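Each remark here refers to the structure printed beneath this line.
Computed from the coordinates by the stated procedures, all read-outs in this text should not be read as laboratory data. From a predicted model like this one, the values you see are computed outputs, not experimental measurements. Cβ placement follows ideal geometry from the backbone for every residue including glycine, while neighbour counts extend to all protein chains displayed.
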Amino acid sequence: MPINSFVNLRQAQKHMKFILYIFSILVLFTSCTTNHEVDLIVHNARIYTVDSAFTIADAVAIRGGVFIEIGNSQQLLKRYQAKDVWDAEGASIYPGFYDSHAHFLSFASSLNMANLYGADSFADVLQRLNAHRKAHPDRSWIVGAGWDQDRWKDSTFQVKDSLDKYFPDIPVYLSRVDYQAASVNSRALNIANIDSAFYVEGGLISTDSIGNLSGVLMDNAMELVRIHIPEVSDEEELRTLTKAEELLFSVGLTSIVDAGVNELDLEFLRNLYTDKKLKIRNYAMIEDNQRTIRKIMRSGFYDDGRLTIRSVKLTADGLLRTRGAALLSAYSDDSTNNGFLLQTTENLEKAIREVADSKFQLSTRAIGDSATRLILDLYGKYIGTNNNRRWRIEHANVVNESDFEKFKRFRVFPSVQPIHATTDMYWATDRIGSDRIRNAYALKRLVDNYGMVAIGSDFPGESYNPLFSFHAAVARVDANGEPSGGYEMKNALTRREALMAMTIWAAHACFQDSQRGSIQRGKDADFVMLSKDMMTVPNEELRSIQVIRTVVGGETVFKR
Ligand SMILES: [Zn+2]
């Protein structure tokens, strides 16, 4: 290099340094003037930050959708100029609630149907169907969801005959509360061309003792009729999703886990989120055939801040209620039946191996102790110990004594539904007996082993109100306060654990704990303001607490 070029280079470097110096002073100066402007200050509140020390603060400052500072009202009001200031008047504030296992799309479509949830007799079902038909006289089908024969005193009569009597001229399709069975009338069976000779792999078309169709379709048989129900338009579906979202915001949910969405629905959701039509944070798990799952995994994680796709959902076994959950030994009320897996062990293992080879999280529904053991062992085989894969088991309702420690050993996250304990308690002991029941719905045991659980409701099968789940987790009683003193209280969570399971632990189960789940500097400003303090009110008042405000990313999405 010639000398003069070298000198020129040195001079240029000097100039550059000077320019950078001036530039950094300018940056410092502008940031000093704007650093004290924030979008919002909330003060005079009792703020459960749910940080690692479980700190309680009384004010927060928010800018650009994230928490800028958490602390004392006087200091924050003095330090910042806010475009908006809310005096919480002493109300309590929590990180936005998660529902760690839910079905958003089914919930939305249930809003458009005859709502049969909680119907306590078949007469009640008929009344609701009639009201629904009157409200929607233009519809060519009656579609409903949520019936539950365990709630009816008399469940011996033929549902189809009654439906035929009241609705001879219109097809009827009614999903049971768990969506694993449907009741239909003759008109619907005729449209689908189903007769008693029909056979469906993985499904059942039930008949009475003399071989007549009884109008109940189970598992894969449901699809035979369902495909004939007219599709709703995209606009109609968006309208119901928006309505569903409003309801979820009204109970303080800011994040949900959509536990099993097929490729078409994922695409639909992705478009809606891209167009900013939905705001609730949705961690949608892929559930489809293996080829589709493989295809989606190849395209990598998807995360636009509201919709996240990085988890695969598998289903190992059926439900305890219908004796479909896979148990290590026979049902206590059916000595010839151990339940069953919904797919072969080979297929489950193949799927588990494929997800292990990717970076995706795996979440598997396992309800019985046999299914739970199988999945824990297969997880252990492919991801080993000391991993940070955060693979989940959904439900883990019945766990064998010797398997609890595997949650810890293989780092498997238990995703549990406290409200199932208080719904199932009326028949669960019949199914599995008094020994196994001690290790069922064992929230506390799971926390003691793994260190965390994530709480979900499994809506629409149960109420979407997270305070109902919180109540079930800490008091272990149902809506009527039964049984007095609580059910299997040694498996209750403390309020602090239950709150963490709805916030920071739930965020951890979705790899979002550095972004959400607590009220801390730099995290998304998702929070909920309640009418009463859920950490201190008596148990009986928990379900009637009202949400005053729900905020997602600094934006109020619900206000009472
Ligand atoms: Zn579910």
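Going down the list Lys276/Lys313; Lys295/Lys350; Lys406/Lys444; Lys381/Lys408, which pairs span over 18 Å between their C-alpha atoms?
Values: Lys276/Lys313 25 Å; Lys295/Lys350 16 Å; Lys406/Lys444 15 Å; Lys381/Lys408 14 Å.
In this structure, Lys276/Lys313 lie more than 18 Å apart at Cα.
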*Find me the longest stretch of the chain that has none of the exposed GluC sites (Glu not before Pro), where exposed means in a DSSP loop (not H, G, I, E or B) with at most 10 other Cβ atoms within 10 Å.*
232-560
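What is the magnitude of the charge dipole of the chain about its Cα centre, with +1 placed on the Cβ of each Lys and Arg, -1 on the Cβ of each Asp and Glu, and no other charges, expressed in debye to the nearest 20?
Details: 65 positive and 70 negative charges, 469 e Å.
Computed charge dipole of the chain: roughly 2260 debye.
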*May I ask you to sort Ser196, Ser183, Ser469 by Cβ crowding, counting other Cβ atoms within 10 Å and putting the fewest first?*
Ser196, Ser183, Ser469
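With the alpha-carbon atoms as the only input, what is the per residue convex hull volume for segment 376-501 in Å³?
Numbers: hull volume 13.6 nm³, N = 126.
It comes to 108 Å³ per residue, whole-number rounded.
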*For a footprinting-style exposure proxy, rank Thr274, Thr242 by other Cβ within 10 Å, fewest first.*
Thr274, Thr242
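Nearest 5 is fine: what % of DSSP beta bridges in the chain come out antiparallel, could you say? Mind showing how you got there, number by number?
Values: 38 of 80 bridges.
Taking every DSSP beta bridge within the chain, about 50 percent pair in antiparallel fashion.
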*asked:* Rounded to the nearest 20 debye, what is the charge dipole size of segment 130-242 about its Cα centre when +1 sits on each Lys and Arg Cβ and -1 on each Asp and Glu Cβ?
replied: 440 debye
_Residue (of Val66, Gly146, Leu174) at the positive-pole extreme of the chain, dipole from beta-carbon charges_ = Val66
*What number comes out for the charge environment of Pro414, summing +1 per Lys or Arg and -1 per Asp or Glu over other residues with Cβ under 15 Å away?*
+4
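Any chance you could tell me what percent of the C-alpha pair distances in the chain go past 46 Å?
Values: 30584 of 156520 pairs.
The proportion of pairs with Cα distances above 46 Å equals 20 percent.
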